[in-house]
Amino acid sequence: MTPDASPRLTAAQRRERIEQAAVQLFARNGYTATTVEDIARAAGVTKPMLYRHFESKQELCVALLERSRDALIAAALGRFTPGMADPAPQVPAMLEAWLGHVEQHPDEARLLLAPIGGDPEVARVQRDLHARQAATQTALLREFVPGLDEAEAEPLGEIVRATLVAVALWWLDHPEVAREVPSRALLRAVQGILTAAGAPVQGGRR
C-alpha cells in the first residue's frame, strides 16, 4: 500500500498499522535488513509520519519486544490461579494458552524469542526481557514446588524458559506440524522438570 492510498486514520490506528508492519518485517527479514523505508511502505505511511510515532527503528523494535513479551506471559498467567492447594493441574492449560498465543501471533513470538543481532541496545533489551521471563518462571516454580531449594530456583526457572522458547521456535520453523505434537512434547518436558524439582504433577498426559 502506498501512502497516498491510505484511508484517513486516527493516530492510534496509524500507530497500530506501523507496529503490525514492523513486527512482520522484523520477524521475517531480521532487524538489520529491515529499514525504516520498508516499514513505512508496508504500513502505507510516509517516513515523516512514522517518525511522529517512533523516534527511530530502535525505539520501534524495543516497543514491539516489550508488547510481545507482556502479551505472551499474560496468555499463560491468565490460566493460573495462585494459592491453590494443588496448582499442578493448571500446568496443561497454561502451556496450551502459551502455545495458542504463539500460534495466533507467530511474528510477534519469533521477534521476541529468536536472537536479534545488529543493534546492541535492542539485543540488550531482548536479554532483559528474557531475564524477566525467567523470573516469572521461577516465581511459578515456587508455587508448583513447595519447599523448592532456593539455590536451584533460578537455574530451574531459566531451564523452563529455555524449554518454552526452544519448542516455540521449533514449531515456528515447522508450521506443518499439528499443534498437538509440540503441545505434548512441551507438557512432558515441563512435567519432567517439575517432578525432578519435587512437585507431584497430576492431571497431565503421559
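Here the sum of -39500 (n - 2.57) over DSSP H runs of 4 or more residues, divided by the residues of the chain, equals -23000 deg cm²/dmol at 222 nm, to the nearest 500.
Among 168, 153, 185, the largest mean-square fluctuation in a Gaussian network model of the chain (Cα springs under 10 Å) belongs to 185.
Segment residue 152..residue 36, full-extension length gain: 37.4 nm, with 0.36 nm per residue of separation and the alpha-carbon distance subtracted. Say R0 is 41 Å: what FRET efficiency, to the nearest 0.05, do residue 47 and residue 179 get from their beta-carbon distance? The value I calculate is 0.55. Take the Cβ atoms of residue 16 and residue 128, set R0 to 35 Å, and the FRET efficiency comes out at 0.90. Working note: Cα atoms of segment 3-54, range along each principal axis, descending, whole Å: 30, 19, 16.
Across segment 66-74, coupling constants 3J(HN,Hα) worked out from phi with the 6.51/-1.76/1.60 Karplus curve, θ = phi - 60°, read 5, 5, 5, 5, 4, 5, 5, 5, 4 Hz, and Gly and Pro carry x.
Assign one of three labels to the chain, namely rounded, prolate or oblate, based on the Cα gyration tensor with a ≥ b ≥ c the square roots of its eigenvalues; rounded applies when a/c is under 1.5, prolate when it is not and a/b is larger than b/c, and oblate otherwise. The shape class here is prolate. Karplus-derived 3J(HN,Hα) values for segment 112-128, using 6.51 cos²θ - 1.76 cosθ + 1.60 with θ = phi - 60°, are 6, 8, 7, x, 10, x, x, 8, x, 5, 5, 4, 5, 4, 5, 4, 5 Hz; glycine and proline are entered as x. Here the Kirkwood formula, the inverse mean of 1/r across different C-alpha pairs, assigns segment 1-123 a hydrodynamic radius of 15.9 Å. Exposure proxy shown here: for 163, 32, the number of other Cβ atoms within 10 Å sets the order, fewest to most, as 32, 163. Multiplying the residue separation of residue 9 and residue 196 by 0.36 nm and subtracting their alpha-carbon distance yields 62.0 nm.
Phi angles across segment 60-65 convert, under the Karplus curve 6.51 cos²θ - 1.76 cosθ + 1.60 with θ = phi - 60°, into 3J(HN,Hα) values of 5, 5, 4, 4, 5, 4 Hz, Gly and Pro given as x.
Computed from the coordinates by the stated procedures, all read-outs in this text should not be read as laboratory data. All values reported here derive from a predicted model rather than from experimental measurement. When we count neighbours, we look across all protein chains shown, and the Cβ atoms used for this are built from the backbone with ideal geometry, even at glycine.
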